[in-house]
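Enquirer: One structure coming up, written as structure tokens, with questions to follow.
The values are calculated or read from the model by the stated rules, or taken from the named source; none is laboratory data. Fair warning: this is a prediction, and the values are worked out from it, not measured in the lab. Here the Cβ positions follow ideal geometry from the backbone for every residue, glycine too, while neighbour counts run over all protein chains shown.
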Amino acid sequence: MHAATLPPDALRERAAYYERIGARNMTPLWEVLGALVPPQPRTPVQAALWRYAELREQVLEAGRLISAEEAERRVLILENPALRGQSCITQSLYAGLQLILPGEVAPAHRHTQSALRLVLDGEGAYTAVDGERTTMRRGDFIITPAWTWHEHGNLGDEPVVWLDGLDIPIVRFLDAGFAEKGEQQSQPAQRPEGDALARYGANMVPVDYQPRAAEPTRVFVYPFERTRASLQAIAQGQPDPHHGHKLRYVNPATGASPMPTIGAFAQWLPAGFETKPLRSTDGTVVVCLEGRGEVQVGDATWRIQENDVFVVPSWHGLQLRAERDMLLFSFSDRPVQQALGLWREQRL
Ligand code: GTQ
């Protein structure tokens, strides 16, 4: 019998019982079972869009209010509108927009959270990871795996802005966060720029290298130039009706995701192409790197252009329409879900 149809006495008796057990930190499962074990994902995460024109203006204002040194990381967190105050864009992922002005350094530190950067705007900055620098160019996908030393600097003469993606909510959930600051602002260079890419990113690895299981890749930069060239080349062939031309970034030594907690993807949609709708369980952050078009996420429809960022919640249909050739970058917790046997995708 449904609770609403119970006689008032029985209802009162139950309420009193709930109160008695509540005082002992117990609660009845039957009142929450449907929410705990839903027939399909019912995420609180909301579809949302951040237009770069606004993001840029706001983050540049932060540049007038606080230095990178004082802030340590001058970042505007992109908070999901339904999860305000929780510093996350989906339940499992964090995203933020980082600004570094000419001459500034975001000092060396390391933490157990894994991070990715997607360079959006400006030239002349670098990220150093465990003693090797890489120049940050627009569209470059750069990673700082868990517990690697990293710092950022801007040697150029213009502001540089990139998107940070971190697994902060996952590490918080697991209560496994550690961090430490470097003794110096800048880590001494141990290898020349390009070393990791030459050793691990050219379809070869050092002769005695054996990656451990789930080891993040030693390739810490995936240059945009290469990604773009691959997408353009495969775009000569037939697009997948749901994905267009889509590739995932990998650890070239293992074929696994570059980092164990965050998967990343690059996608090309030729002008005029419209994808068939698709949904998957990994809530995804998407950046439009080139072109423009229209996107439908669940019930929301937006026009998007360069550097706009949007979030697709778990199990929400996604449909894309390219008005110009469109290049999208995206990241999600897919490798975690796959490792746990949870990930699902449905072509609608
Ligand atoms: O660049 O190390 O957006 O530690 C948040 C935390 C960036 C970083 C963020 C971080 C960083």
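Enquirer: Just to verify a result, which residue in segment 250-285, among those that are under 16 Å from residue 227 (Cα atoms) and among the hydrophobic types (A, V, I, L, M, F, W, C), is nearest to the chain's Cα centre (by Cα)?
Expert: That would be 264.
Enquirer: A follow-up question, please. Among the charged types (D, E, K, R), closer than 18 Å to residue 336 by Cβ and either out of contact with any helix residue (DSSP H, G or I) (no Cβ under 7 Å at 6 or more places or on another chain) or crowded, with 16+ Cβ neighbours inside 10 Å (or both): is that true of residue 172 in this structure?
Expert: In short, yes.
Enquirer: Filter segment 66-114 down to the residues that are over 24 Å from residue 264 (Cα atoms) and of a type in the set (D, E, K, R), then identify the one that is nearest to the ligand (Cβ to nearest atom).
Expert: Only one residue fits best here, namely 72.
Enquirer: Another question, then. Based on what the data block shows, is residue 33 loosely packed, with under 11 Cβ neighbours inside 10 Å, over 30 Å from residue 106 (Cβ atoms) and either within 16 Å of the ligand (Cβ to nearest atom) or modelled with pLDDT of 95 or more (or both)?
Expert: Considered against the rule, which asks whether it is loosely packed, with under 11 Cβ neighbours inside 10 Å, over 30 Å from residue 106 (Cβ atoms) and either within 16 Å of the ligand (Cβ to nearest atom) or modelled with pLDDT of 95 or more (or both), residue 33 comes out as yes.
Enquirer: Applying the selection to segment 201-230, what residues are touching a residue at least 12 places away in the same chain (Cβ under 8 Å), part of a loop (DSSP other than H, G, I, E, B) and in contact with a Lys or Arg (Cβ under 9 Å, 6 or more places away or on another chain)?
Expert: 201, 205, 209, 211, 218, 219, 223 - these are the residues of segment 201-230 that are touching a residue at least 12 places away in the same chain (Cβ under 8 Å), part of a loop (DSSP other than H, G, I, E, B) and in contact with a Lys or Arg (Cβ under 9 Å, 6 or more places away or on another chain).
Enquirer: Related question: If a residue must be more than 15 Å from the ligand (Cβ to nearest atom) and among the small types (Gly, Ala, Ser), how many such residues does segment 163-175 contain?
Expert: Selection size over segment 163-175: 0.
Enquirer: Here's a follow-up. Would you point out the residue of segment 46-65, among those that are more than 14 Å from the ligand (Cβ to nearest atom) and of a type in the set (Gly, Ala, Ser), that is surrounded by the fewest Cβ atoms within 10 Å (Cβ to Cβ)?
Expert: Among those that are more than 14 Å from the ligand (Cβ to nearest atom) and of a type in the set (Gly, Ala, Ser), it is 53.
Enquirer: Only residues that are assigned to a strand (DSSP E or B) and within 11 Å of the ligand (Cβ to nearest atom): list them for segment 120-155, please.
Expert: Result: 127, 129, 142, 144, 150, 151, 152.
Enquirer: Continuing with this model, one more query. State whether one or more residues within segment 180-198 are within 12 Å of the ligand (Cβ to nearest atom), more than 30 Å from residue 58 (Cβ to Cβ) and in contact (Cβ under 8 Å) with a residue 12 or more places away in the chain.
Expert: yes
Enquirer: Suppose we keep only residues that are on the phi < 0 side of the Ramachandran plot and small (Gly, Ala, Ser) within segment 318-341. Which one would you say is surrounded by the fewest Cβ atoms within 10 Å (Cβ to Cβ)?
Expert: 339
Enquirer: So, in segment 95-124, exactly how many residues are under 23 Å from residue 167 (Cβ atoms) and not basic (Lys, Arg)?
Expert: The qualifying residues number 19.
Enquirer: So residue 117 ticks every box in (1) at positive phi; (2) surrounded by 17 or more Cβ atoms within 10 Å (Cβ to Cβ) but one. Which box is left unticked?
Expert: (1)
Enquirer: While we're looking at this one, here's another question. Out of 327, 247, 342, 320, which single residue is in a loop (DSSP other than H, G, I, E, B), farther than 16 Å from residue 50 by Cα and more than 15 Å from the chain's Cα centre (by Cα)?
Expert: None of the others qualify; the one that does is 342.
Enquirer: Continuing with the same structure: For segment 300-328, what are the residues that are under 16 Å from residue 94 (Cα atoms) and not hydroxyl-bearing (Ser, Thr, Tyr)?
Expert: Across segment 300-328, the qualifying residues are 309, 310, 311, 312, 313.
Enquirer: Which condition number does residue 314 fail, the rest of (1) of a type outside the set (Val, Ile, Thr); (2) within 20 Å of the chain's Cα centre (by Cα); (3) part of a strand (DSSP E or B) being met?
Expert: The one condition residue 314 does not meet is (3).
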